[in-house]
Amino acid sequence: MAAATVGKTGNFTARRRGRKGKTAAACRGGEYRDAAAYNKSMPANDPPPVPAEQRFSAYYADRPPWDIGRPQPAFVSAADAIRGRVLDLGCGTGDLAIWLAEQGRIVTGVDFLAAPLEQARAKAAARGVAVNFLEMNALAVGAIPERFDAATDCGLFHTFDDPGRAAYVAALAQLLEPGSRLFILCMSDSEPGTQGPRRVSAAEIQAAFREGWTVESIAPAVFEVVPGIPGAEFSPGGARAWFATIRRTA
């Protein structure tokens, strides 16, 4: 579940620990877009935030907790509604994008890191599937000249702080035309603990998409993770999550 400031998940306590054993930006509202914004929220003796590229490159040097080797169950269940030309945002190593292509969709995947995209292209080639993988910041997707019938977000939305979230929604508004749908799987505020990515409430999803969008559904879901990774321990069977279906209306 990855860009200049987007990635697949937030921070796990097993990596890049700061004061009191927590990662520099963990449990403080997700990803901070710049050091100044982060430092205003933290005591003076806290370390500066680790750049997103550096942090997520470190995850991909090993096996990231979200890289389960298959699409998340929520997207499999929603497959019939994910139609036509699909953009997979923060595609990582490509499991969802490739699976959607195998179901007959025309798929483009975007991620801000080269390493997972190399893996994604290799997977697609091995399975004989055509997917267009692009290296780019998800906040810049509004500049893509192509238009899409649907977009999928598996673990990207919950990586943003509030300003980043607003910029992300604005980019999606440029990209998606009326009638297009966005499908989001993100960490729920019902997941206990503080490790891992920012928790998101259903009300926050509603608020983020209040203008120019219709939130058609927000349903409880599960975010499966690779078992046995220190600092990525969640509820049995997977982290509690929300699966939202959102339609562009203006």
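We did not get these values from a lab; they are worked out from the coordinates using the rules stated. All figures in this text were calculated on a predicted structure; none of them were measured in a lab. Cβ sites come from the backbone with ideal geometry, for glycine too, and all protein chains shown count toward neighbours.
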### Query
What are the ³J(HN,Hα) values, in whole Hz, obtained from phi via the Karplus relation 6.51 cos²θ - 1.76 cosθ + 1.60 with θ = phi - 60°, for each residue of region 74-80 in sequence order, with x given for Gly and Pro?
4, 6, 4, 5, 8, 4, 5
### Kirkwood hydrodynamic radius over Cα pairs of region 73-248, then Stokes diffusion coefficient at 25 °C and 0.890 mPa s, in µm²/s
150 µm²/s
#### Entry: Signed unit charges on C-beta, dipole axis of region 73-248, positive-most listed residue 184, 231, 113
184
### Query
So between residue 63 and residue 177, what do we pick up on full extension, going 0.36 nm a residue minus the alpha carbon distance?
37.5 nm
### Query
Using modelled backbone amide H atoms (1.01 Å from N, in-plane), which distant-in-sequence or interchain residues come within less than 5 Å of residue 235's amide H?
240
### Whole-Hz ³J(HN,Hα) from phi, Karplus 6.51 cos²θ - 1.76 cosθ + 1.60, for region 225-231, glycine and proline x
9, 5, x, x, 8, x, x
### Query
What full-extension length gain, to one decimal in nm, is calculated for residue 211 and residue 134 as 0.36 nm per residue of separation minus the Cα-Cα distance?
24.9 nm
### Query
Taking 0.36 nm per intervening residue step and subtracting the Cα-Cα distance, what contour gain separates residue 106 from residue 119 on full extension?
2.8 nm
### Query
In percent, what relative contact order does region 142-243 have, based on Cα pairs under 8 Å that are 6 or more apart in sequence?
30 percent
